[in-house]
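Participant: Got a structure here, written out as structure tokens. Questions coming.
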Amino acid sequence: DLAGITLTANATYVLSATPSLNLKSVPDLIALAKAKPGQINFSSAGSGSGTHFAGEMFKQSANIDVVHIPFKGIPESLTDVISGRVQFTMAPIASSVSLIKEGRLRALGVSSKKRSSLYPDLPTIAEQGITGFEWDSWGGLLAPAKTPRAVINKLNREVVKILAQPDIIEKFRALGAEPNPTTPEEMDAYVARQLKTAIQLAKKAGIEPQ
């Protein structure tokens, strides 16, 4: 068993479509998917990956019938969206932003609760009608469950100080992430919520352990 020390950062995903579809927004993609049930595909970096779960959350939240196409990694999953063989994907913003700026991917929305500092003009998926939509990748520090609470609290205080330093904040943001320090208790609660969400998504989508 493990005990949380603190979250360190969260990074958003970008919902991106192949440019050939000329989609402008999340509602455009949803309308297309509902007009062509079972004919629109989304790619991921592999079954059970974060990109797969992000895509399944969008599929379930938008109530659309789209087909999951797994690849061996993020670069491969993006390549097939760029070419038009796959219609859309959900990938980390750090992996997508240069392709978006080059016009090789069409960004439709970010998966986080708030807009990304790396792409502030791009609205969230929640802003575009999928109320409450939120899916991030996250990082944090954990310790063995039997670690004395005084040690965990001291580690928490020191790491929180580091995460507040301007140069550290900028380094995270350059990677498309936002520092998100928490108390140990807040991290434990956050991880529990994330696990619950992932389990619910996996059951509904039929995702099995690999």
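Participant: Do the conditions hold for LEU201, that is, is it open to solvent by less than 50 Å² (accessible area, probe 1.4 Å), part of a loop (DSSP other than H, G, I, E, B) and among the aliphatic types (A, V, I, L, M)?
Facilitator: The answer is no for LEU201.
Participant: Which of the residues that make up segment 83-98 are over 16 Å from the mean Cα position of the chain (by Cα) and either crowded, with 19+ Cβ neighbours inside 10 Å or modelled with pLDDT under 95 (or both)? Explain how you work it out, then say what you get.
Facilitator: Our first condition is that a residue be over 16 Å from the mean Cα position of the chain (by Cα); within segment 83-98, this holds for 83-87, 98.
The answer is VAL86, GLN87, SER98.
Participant: Inside segment 174-192, can you point out the residues that are assigned to a helix (DSSP H, G or I) and open to solvent by 50 Å² or more (accessible area, probe 1.4 Å)?
Facilitator: As a first pass, look at segment 174-192 and keep what is assigned to a helix (DSSP H, G or I): 174, 184-192.
Result: ALA174, GLU185, GLU186, ASP188, ALA192.
Participant: Further question: Is it true that some residue in segment 134-152 is in contact with a Phe, Trp or Tyr (Cβ under 8 Å, 6 or more places away or on another chain), assigned to a loop (DSSP other than H, G, I, E, B), within 29 Å of GLY4 (Cα to Cα) and open to solvent by less than 20 Å² (accessible area, probe 1.4 Å)?
Facilitator: no
Participant: Go through segment 1-51 residue by residue and tally those that are within 19 Å of LEU195 (Cβ to Cβ), modelled with pLDDT of 95 or more and in a helix (DSSP H, G or I).
Facilitator: Going through segment 1-51 one residue at a time, the tally reaches 1.
Participant: Show the residue pairs that are 6+ apart or on different chains and have beta-carbon atoms under 8 Å apart, the first residue being within segment 92-106 and under 19 Å from GLY139 (Cβ atoms), the second being open to solvent by less than 20 Å² (accessible area, probe 1.4 Å) and polar (S, T, N, Q).
Facilitator: PRO92/THR12; PRO92/THR51; ILE93/THR12; ILE93/SER116; SER96/SER16
Participant: Related question: Out of all the residues in segment 20-43, is one or more free of Cβ contacts under 8 Å to residues at least 12 places away in the same chain and of a type in the set (Gly, Ala, Ser)?
Facilitator: Among the residues of segment 20-43, at least one is free of Cβ contacts under 8 Å to residues at least 12 places away in the same chain and of a type in the set (Gly, Ala, Ser), which makes the answer yes.
Participant: Which residue pairs have Cβ atoms under 6 Å apart, sit 6 or more places apart or on different chains, and have a first residue in segment 142-164 that is over 17 Å from THR8 (Cβ atoms) and a second that is exposed (fewer than 11 other Cβ atoms within 10 Å of the Cβ)?
Facilitator: Listed pairs, sorted by first residue: ALA145/ASP1.
Participant: May I ask you to list the residues in segment 107-122 that are in contact with a Leu (Cβ under 9 Å, 6 or more places away or on another chain), farther than 20 Å from PRO70 by Cα and either among the basic types (Lys, Arg) or assigned to a loop (DSSP other than H, G, I, E, B) (or both)?
Facilitator: ARG115, SER116, LEU118, LEU122
Participant: Any chance segment 53-67 includes a residue that's farther than 17 Å from ALA17 by Cβ, over 14 Å from the mean Cα position of the chain (by Cα), part of a strand (DSSP E or B) and at pLDDT 95 or above?
Facilitator: No, segment 53-67 has no match at all.
Participant: Still on this structure: Here is a list: SER47, SER20. Which entry is surrounded by fewer than 18 Cβ atoms within 10 Å (Cβ to Cβ), hydroxyl-bearing (Ser, Thr, Tyr) and under 16 Å from the mean Cα position of the chain (by Cα)? Steps first, please.
Facilitator: Values: SER20 fails: under 16 Å from the mean Cα position of the chain (by Cα).
The unique qualifying residue is SER47.
Participant: So if I check each of ILE64, ILE69, which one is without any contact (Cβ under 8 Å) to a residue 60 or more places away in the chain, open to solvent by 30 Å² or more (accessible area, probe 1.4 Å) and either in contact with a Phe, Trp or Tyr (Cβ under 7 Å, 6 or more places away or on another chain) or not small (Gly, Ala, Ser) (or both)? Explain how you work it out, then say what you get.
Facilitator: Values: ILE64 fails: open to solvent by 30 Å² or more (accessible area, probe 1.4 Å).
From the options ILE64, ILE69, the qualifying one is ILE69.
The values are calculated or read from the model by the stated rules, or taken from the named source; none is laboratory data. Quantities reported herein were computed from a predicted structural model and do not represent experimental measurements. Every residue, glycine as well, gets a Cβ built from its backbone with ideal geometry; the counts of neighbours run over all protein chains shown. All accessible areas refer to the heavy atoms of the entire protein, side chains included, with ligands and DNA or RNA removed. Shrake-Rupley method; radii C 1.70, N 1.55, O 1.52, S 1.80 Å.
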